[in-house]
């Protein structure tokens, strides 16, 4: 009495133990009744009830004696990332640590944002001041491990926190991998392809865990180059990006970026220039994935294309030279890619994985159309949906009705073209 009683996280008192919590809340209710009914000043006691917004409001409703005695409610908004960084810097000073000079506010804010968007070790990520405290505690723990492992025991080494100390790489890698797998699962159709990617991820994850335990494991990670076969518009580029993201998350690629190339990107118009051009493209993809579309075009119709063959030979050599820092995916029509493999024996051994991307069914194309329209905040009316289904059935049976080359304009490309024409027709209708 004669002071302030702060009930922190009051909304959790009852949750801790139902019977004991209920007794505690009843006792608090009686205390509030005695304090709230007094009109004498100074008051015997000031009670502050604090907790999460929604849960605390329910607590005040369930116990009217407490809710009725509260005469003022203050709503504290969550701290913004810059606010959390400011608190973090103060905590660092208080605990006699220092941040490395390159650890700017921008970098710290990005770390805070990623942590807010993710989850903590126990599920939900801490927030506000608790987040700043958690980041510092985890950073100090990682710093201790880092300094001990590198045997850099000095005053500066023991008191300086660097960027890596604030990053839980294993958690970020797992979140990145799960995001890539969700993107994979969101792709329409392609069940065999998706099953293979899931199994590849499981195998690579197991090999990574073995290496971390000191067990030598070189299986799938030593032969990651792939060939994607199938018609255009079947999702080959999308799956290639998923592969890049997964390999980056597993630590098998440094950057995980993807460079797209085709014949025009690799072949020069003059003798001796093709090798240099191909080498430049390959080097731009180091640390990531090089996706070569229509790779069969490098050998020409009769296999007598000297420039294209030079590009292919250079590519095969560079694939071997950079085998630990690059993944190459060759893509194209099925028959043409089979011909490409037959013309160069070295390709089959270096590209052991061949994935076939089958054409979409009418139902799958309609699902793709729905996804495309949702991206533009549009939906199909029931009549339009039925009409589109009929059109897509014709496209599947005869892709040439979508216009142009039958193979090049089927699948996803046909859907996109049909929707673009429909959008123009809608615009004209609305203007009239």
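Some notes on this structure:
- Prolate/oblate/rounded label for segment 253-393 (Cα gyration tensor, a/c 1.5): prolate
- Neighbour counts of C-beta atoms inside 10 Å place 137, 294, 216 in the sequence 216, 137, 294, starting with the fewest.
- Residue 387-residue 94 pseudo-label distance in nm [points 7 Å out on the Cα-to-Cβ vector]: 6.6 nm
- Pair-distance profile P(r), taking every C-alpha pair of segment 235-296, with 10 angstrom steps and integer %: 23, 45, 25, 7, 0
- A Cα-only calculation for segment 173-357 places Rg and Dmax at 16.4, 52 Å.
- If the Kirkwood radius is taken over C-alpha pairs of segment 81-167, then at 10 °C and 1.306 mPa s the Stokes-Einstein diffusion coefficient equals 121 µm²/s.
- By average C-beta atoms within 10 angstrom, highest first, the peptides 417-423, 227-233: 227-233, 417-423
- Descending by average beta-carbon neighbour count within 10 Å, the peptides 199-211, 77-89 line up as 77-89, 199-211, the highest first.
- Cα→Cβ-extended label distance, 7 Å offset, between residue 48 and residue 336, nm: 7.2 nm
- Using the average count of surrounding beta-carbon atoms within 10 Å as a protection proxy, the listed peptides 331-340, 255-264, 101-110 rank, highest first, as 331-340, 255-264, 101-110.
- This ranking places 73, 248 by how few other beta-carbon atoms lie within 10 Å of each, fewest first, which gives 73, 248.
Any read-out appearing in this document is the output of simple, stated calculations on the displayed coordinates, not a laboratory observation. Predicted, not measured: the structure shown is a model, and the values here were computed from it. All Cβ positions, glycine included, derive from the backbone under ideal geometry; neighbour counts span all protein chains shown.
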